[in-house]
Amino acid sequence: MTYDRSQSKVEVTGFEARHYDRLMNLITLGTYPFFIRRVVADMDIQPDDAILDLGAGTGRNAELMARHLSQQGRIVGLDIGPEMLAQAQARFRDWPNITFEKRRIEEPLPYREEFDKVFISFVLHGFIQEDRLRIIANARQALKPRGRFLILDYAHFEPETAFWPVRWAFRHAECPLAADFARRDWEAILAEQGFGDFRSQHYYRSYVRLLSARKTSSVQPTTGK
């Protein structure tokens, strides 16, 4: 099936943007704060890490990551929504090593081999495949040699045969691109884009995954499986 950008739901505005953190807690029946703390612990953040957060939203995840950093560590968060960025910037008003910029993550980015980790949380699935590959290329370009790309998103599964609440969510709440994302072999795709040494942590009955991939020295021909 072919998808186009009109089916994407990556831009959060209005009421949803202003109350995004509360809505995430509600949608996950109060489990999100515990879940995301576990994810951040699984990221193996080092005190001096430089982290690029793609689609940083309100800065909630960055706040948890920042607790693992020394004053030499830093986070650069990117988002396109003014309401989300305003919340993130207010959250880190007194943190000189945590900054946020308004940038589209599927368009060329200016960073070159300056980050130890690039993190993207529940954003990649909302793009068409062509734009996902652009985001992956941006992540690879931004990473230092042997840096890690960390993707927190849906795991590899068939949505039509999933546990019934997951099946319902994919049919009625998520954009069609989410099902397309879950059906793809992301380790194979990332290998073609110059990543290897894959590691996975699973959550929520294994329907959600933190996929970690190390930047390698070469890029294979792209097929975008």
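The values are calculated or read from the model by the stated rules, or taken from the named source; none is laboratory data. These numbers come from a predicted model, not from an experiment. For neighbour counting, all protein chains shown are included, and Cβ atoms are generated from backbone atoms with ideal geometry for every residue, glycine included.
Below is a table of values for the structure above.
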{"read-out": "Tally of residues being exposed (fewer than 14 other Cβ atoms within 10 Å of the Cβ) and at negative phi across region 199-209", "value": "2"}
{"read-out": "Odd one out for Glu160 among (1) surrounded by 16 or more Cβ atoms within 10 Å (Cβ to Cβ); (2) of a type outside the set (A, V, I, L, M, F, W, C); (3) more than 27 Å from Ala56 (Cβ to Cβ)", "value": "(1)"}
{"read-out": "Yes/no for Ala50 being closer than 18 Å to Glu11 by Cβ, touching a residue at least 24 places away in the same chain (Cβ under 8 Å) and among the hydrophobic types (A, V, I, L, M, F, W, C)", "value": "no"}
{"read-out": "Of all residues making up region 171-203, the number that are in contact (Cβ under 8 Å) with a residue 24 or more places away in the chain and assigned to a helix (DSSP H, G or I)", "value": "14"}
{"read-out": "Which listed residue is more than 16 Å from the chain's Cα centre (by Cα) and either under 22 Å from Thr28 (Cβ atoms) or modelled with pLDDT of 95 or more (or both), from Tyr154, Tyr204", "value": "Tyr204"}
{"read-out": "Single residue of region 42-72 satisfying the filter (part of a helix (DSSP H, G or I) and among the small types (Gly, Ala, Ser)) that is nearest to Tyr32 (Cα to Cα)", "value": "Ala62"}
{"read-out": "Lone unmet requirement of (1) over 25 Å from Arg5 (Cβ atoms); (2) exposed (fewer than 13 other Cβ atoms within 10 Å of the Cβ) for Ala173", "value": "(1)"}
{"read-out": "Out of Ile135, Ile120, sole residue that is touching an Asp or Glu at 6+ places or on another chain (Cβ under 7 Å), touching a residue at least 40 places away in the same chain (Cβ under 8 Å) and crowded, with 19+ Cβ neighbours inside 10 Å", "value": "Ile135"}
